[in-house]
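K.L.:
Following this message is one structure expressed as structure tokens.
The values are calculated or read from the model by the stated rules, or taken from the named source; none is laboratory data. Model, not experiment: these values are computed from the prediction. So basically every Cβ, Gly included, is an ideal-geometry build from the backbone, and we count neighbours across all protein chains shown. Note: areas computed on protein heavy atoms with side chains; ligands, DNA, RNA excluded. Shrake-Rupley method; radii C 1.70, N 1.55, O 1.52, S 1.80 Å.
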Amino acid sequence: KEAQSINKSLSALGNVIAALSEGEKHIPYRSNKLTQLMQDSLGGNAKTLMFVNFSPADYNVDETYSSLNYATRVKKIVNNANKQADSEEVSRLKMIIKKLQSGQTVLSDEINGVTGNNDNAIVEETNEDNVNNDDNGDNGNDKISENTVNT
């Protein structure tokens with residue numbers, strides 16, 4: 001039963017590779033779980049390597065021939081792998097992290113994504129600035145004392 005399942009998966013993978021190498025419009029990724037999982041690797045935005053093992057022994061000629069034919073079909077597949085650019089939000093957050101790591105101050109407007117400069121809203125604060133002198137006796141311990149990033 002397990003061997004049948006493996007053969008079915010490999011057959012579906014072969015069908016997908018054949019469709020990709022021949023440039024067909026419909027690629028049967030949904031015919032098997034294996035091909036569904038490998039969809040991004042096979043025909044998506046990725047570089048994919050395939051290693052083919054074969055034997056020089058004469059009693060393995062059929063398997064070697066089959067493996068080399070399979071590899072030839074795989075070689076015909078061309079993916080357009082492109083580096084994904086960071087979104088504007090990710091770029092903004094990376095810039096904030098770099099500033100904090102280098103010890104620079106970061107404006108709260110920068111953290112909240114507001115454009116423009118408001119020099120009065122500096123995030124880096126000291127413990128004395130965060131003490132709350134209300135009458136509940138906790139001396140402001142429920143507030144964050146510093147907003148810094150340690151990595």
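K.L.:
Going by the structure shown, is Lys94 farther than 30 Å from Ser9 by Cβ, open to solvent by less than 80 Å² (accessible area, probe 1.4 Å) and either basic (Lys, Arg) or assigned by the TED database to the domain that holds Leu10 (or both)?
P.N.:
Considered against the rule, which asks whether it is farther than 30 Å from Ser9 by Cβ, open to solvent by less than 80 Å² (accessible area, probe 1.4 Å) and either basic (Lys, Arg) or assigned by the TED database to the domain that holds Leu10 (or both), Lys94 comes out as no.
K.L.:
To continue, here is another question. Does Ala3 qualify as being assigned by the TED database to the domain that holds Tyr65, free of Cβ contacts under 8 Å to residues at least 60 places away in the same chain and loosely packed, with under 13 Cβ neighbours inside 10 Å? Show your work before the answer.
P.N.:
Details: assigned by the TED database to the domain that holds Tyr65: yes; free of Cβ contacts under 8 Å to residues at least 60 places away in the same chain: yes; loosely packed, with under 13 Cβ neighbours inside 10 Å: yes.
Judged against the criteria, Ala3 is a match.
K.L.:
Does region 50-81 hold any residues that are in contact with a Ser or Thr (Cβ under 9 Å, 6 or more places away or on another chain), open to solvent by 90 Å² or more (accessible area, probe 1.4 Å) and not in a loop (DSSP other than H, G, I, E, B), and which are they?
P.N.:
Glu63, Lys75, listed by residue number.
K.L.:
Return the pair list, or none, for Cβ contacts closer than 9 Å from residues in region 55-84 that are closer than 21 Å to Val16 by Cα to residues that are open to solvent by 100 Å² or more (accessible area, probe 1.4 Å) and among the polar types (S, T, N, Q), at least 6 apart or on different chains.
P.N.:
Ser67/Asn53
K.L.:
If Pro28 meets every condition in (1) over 21 Å from the mean Cα position of the chain (by Cα); (2) open to solvent by 40 Å² or more (accessible area, probe 1.4 Å) apart from one, which number is that one?
P.N.:
Going through the list (1) over 21 Å from the mean Cα position of the chain (by Cα); (2) open to solvent by 40 Å² or more (accessible area, probe 1.4 Å), Pro28 breaks only (2).
K.L.:
Just wondering, is there one or more residues in region 52-68 that are within 30 Å of Ser9 (Cβ to Cβ), touching a Leu at 6+ places or on another chain (Cβ under 9 Å), aromatic (Phe, Trp, Tyr) and modelled with pLDDT of 85 or more?
P.N.:
Yes, region 52-68 contains at least one residue that is within 30 Å of Ser9 (Cβ to Cβ), touching a Leu at 6+ places or on another chain (Cβ under 9 Å), aromatic (Phe, Trp, Tyr) and modelled with pLDDT of 85 or more.
K.L.:
Within region 33-49, which residues are over 15 Å from the mean Cα position of the chain (by Cα), surrounded by 15 or more Cβ atoms within 10 Å (Cβ to Cβ) and modelled with pLDDT of 85 or more?
P.N.:
Scanning region 33-49 gives Leu34, Thr35.
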